[in-house]
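Heads up: the structure comes next, in structure tokens.
The values are calculated or read from the model by the stated rules, or taken from the named source; none is laboratory data. Please read all numbers here as calculations on a predicted model, not as lab measurements. Neighbour counts are summed over all protein chains in view; Cβ atoms, including those assigned to glycine, are modelled from backbone coordinates with ideal geometry.
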Amino acid sequence: MFYFVPYWNKGNSLTTFDDTVNQIRMFEIAHEDLETIILEYSPQIRYFLYQKNLFVKEYWSVFDEIQNIKNVSHKLLDFTDIEWPDHAEFIYTPFRINVVINQRMYANISFGIGGQLSEINYFDNKQIQKNFFLMTGDFYLVLFTLRMVRNHIKII
């Protein structure tokens, strides 16, 4: 078994050639047993691996270990999985989907580079009242809710 411990934090993302990516790719092509050890917080690790055309079957994440997470199945969350009010109209734009009810903006839905659901803003009187920010991790979904309270944003 070969173990790779890459350094893939954001400060390293400007590098166009990543030696670790290419080494992992070579070992995959040779059908060698390998495991990648992820030491930094990597909430988009699956997308990153896909983007680099890596098909890493085994990887160990220190953050999964800290949280005692094992054998969790993955499911993509789609905006159609969310219950929307009756008569909601979905207006598709190149950058997001606007949800309109009775000709008023109710919400807008944003997506990440890979097409994954990343953020939903809910409006009241043309101002964002609630924001859901979604980050996919190795197994989990983190949901931040922001709410306007007396003209200040609070995380709830």
Open item on the list: For the structure I just gave you, tell me whether residue 20 is in a helix (DSSP H, G or I), under 14 Å from residue 7 (Cβ atoms) and either of a type in the set (Gly, Ala, Ser) or not assigned by TED's automatic domain parsing to the domain that holds residue 115 (or both).
Closed with: yes
Open item on the list: Take the residues in the stretch 23-63 that are within 23 Å of residue 112 (Cα to Cα) and assigned to a helix (DSSP H, G or I); name whichever of them is farthest from the chain's Cα centre (by Cα).
Closed with: 63
Task: Number of the condition not met by residue 129 [criteria: (1) without any contact (Cβ under 8 Å) to a residue 60 or more places away in the chain; (2) closer than 26 Å to residue 47 by Cβ] - done: (2)
TODO: Return the pairs, sorted by first residue and then second, in which the second residue is of a type in the set (Ser, Thr, Tyr), the first residue lies in the stretch 94-107 and is in a strand (DSSP E or B), the beta carbons are less than 8 Å apart, and the residues are 6+ apart or on different chains.
DONE: 96/110; 99/106; 100/106; 106/122; 107/122
Task: Qualifying residues in the stretch 75-112 (those that are farther than 19 Å from residue 133 by Cβ and aromatic (Phe, Trp, Tyr)) - the one surrounded by the fewest Cβ atoms within 10 Å (Cβ to Cβ) - done: 92
